[in-house]
Ligand SMILES: N[C@@H]1[C@@H](O)[C@H](O)[C@@H](COP(=O)(O)O)O[C@@H]1O
């Protein structure tokens, strides 16, 4: 894992977007197309905006998969991840192919099966992910399933995660937040050739510390990123504020930008 620490959310997001653009362009040049996975959440907004402004990406040659989605709300609901990704990415750059998770399908298990069959025909070149305040990766809340080989799975959302969605303003009350979701599984995320994790903001500091300094465990799902050979974690001063940098420098390749 490589860790990059920039002073601000904007600088962190811009650096991550530049790396993302280079990866996509290189893959399109080598292979004629690039397959990527897109994440959502408040923490991804500036990154996605920077990504949309990167020059020279032939988006028509990209294939997008969707990381996670609530079960039971339709794509016009403002908290739906399809709504978010349409507004913040797809309507701006128009990827050549988009494979949405239909979270309002009447048969969520069947929807997982449908998507799992599609994604098994592709190799993910790069996955863009965030980390939740509870340490989740996509909607794999703790304790996450590190073992399943099914690419998309149905999961129960934990109370911390659901409360977080209310705090961020996506839903009015806890009762409005769905209890289940469809998520890309941990193993499937780890099949990506590269992972770019964008994790800015003070509210993520504890999850980041646990993910990097604690044990690799389903109790902190994002800790699994440390096992990936080509994972790039982008932090800002706030999200890295609790880290023991001197100790981490002995374990990882860390780049700290000057303010
Ligand atoms: N399930 C989504 C993830 O796909 C996202 O990467 C993460 C960070 O989101 P946020 O920035 O809103 O904390 O949690 C969200 O709830």
Filter segment 32-62 down to the residues that are in contact (Cβ under 8 Å) with a residue 40 or more places away in the chain and surrounded by fewer than 19 Cβ atoms within 10 Å (Cβ to Cβ), then identify the one that is nearest to residue 115 (Cα to Cα). 33
Restricting to segment 113-141, give me the number of residues that are more than 16 Å from the ligand (Cβ to nearest atom) and crowded, with 22+ Cβ neighbours inside 10 Å. 1
Does residue 145 fit the bill of being touching a helix residue (DSSP H, G or I) at 6+ places or on another chain (Cβ under 9 Å) and more than 12 Å from the ligand (Cβ to nearest atom)? yes
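For segment 1-77, please list each of the strands (runs of 3 or more DSSP E) lying entirely inside it that holds at least 2 residues being more than 13 Å from the ligand (Cβ to nearest atom). Write out each step before concluding.
Details: elements: 2-6, 34-38, 62-66, 68-70.
It comes to 2-6, 34-38, 62-66.
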Looking at 190, 233, 212, which is the one that is more than 22 Å from residue 163 (Cα to Cα) and over 14 Å from the mean Cα position of the chain (by Cα)? 212
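Answer with yes or no whether residue 125 is more than 16 Å from residue 222 (Cα to Cα), in contact with a helix residue (DSSP H, G or I) (Cβ under 7 Å, 6 or more places away or on another chain) and touching a residue at least 24 places away in the same chain (Cβ under 8 Å). Quick ask: steps written out before the conclusion?
On the way: more than 16 Å from residue 222 (Cα to Cα): yes; in contact with a helix residue (DSSP H, G or I) (Cβ under 7 Å, 6 or more places away or on another chain): yes; touching a residue at least 24 places away in the same chain (Cβ under 8 Å): yes.
Taking the combined requirement at face value, the residue satisfies it.
Matching residues to (1) more than 25 Å from residue 36 (Cβ to Cβ); (2) within 13 Å of the ligand (Cβ to nearest atom); (3) surrounded by fewer than 16 Cβ atoms within 10 Å (Cβ to Cβ):
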| position | (1), (2), (3) |
| --- | --- |
| 156 | yes, no, yes |
| 168 | no, yes, yes |
| 173 | yes, no, yes |
| 181 | no, yes, no |
| 195 | no, yes, no |
| 198 | no, yes, no |
| 218 | yes, no, no |
| 229 | no, no, yes |
| 245 | yes, no, yes |
Flag if residue 90 is over 28 Å from residue 241 (Cβ atoms) and in contact (Cβ under 8 Å) with a residue 40 or more places away in the chain: no
Condition broken by residue 84, with the remaining ones in (1) under 14 Å from the mean Cα position of the chain (by Cα); (2) closer than 16 Å to residue 35 by Cα; (3) in a helix (DSSP H, G or I) satisfied: (2)
Taking segment 92-114 and keeping only residues that are out of contact with any helix residue (DSSP H, G or I) (no Cβ under 9 Å at 6 or more places or on another chain) and closer than 16 Å to residue 60 by Cβ, one is left with 97
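No lab work stands behind these numbers, since they all come straight from the coordinates. Just so you know, these numbers come straight off a predicted model, no measurement behind them. Neighbour counts are summed over all protein chains in view; Cβ atoms, including those assigned to glycine, are modelled from backbone coordinates with ideal geometry.
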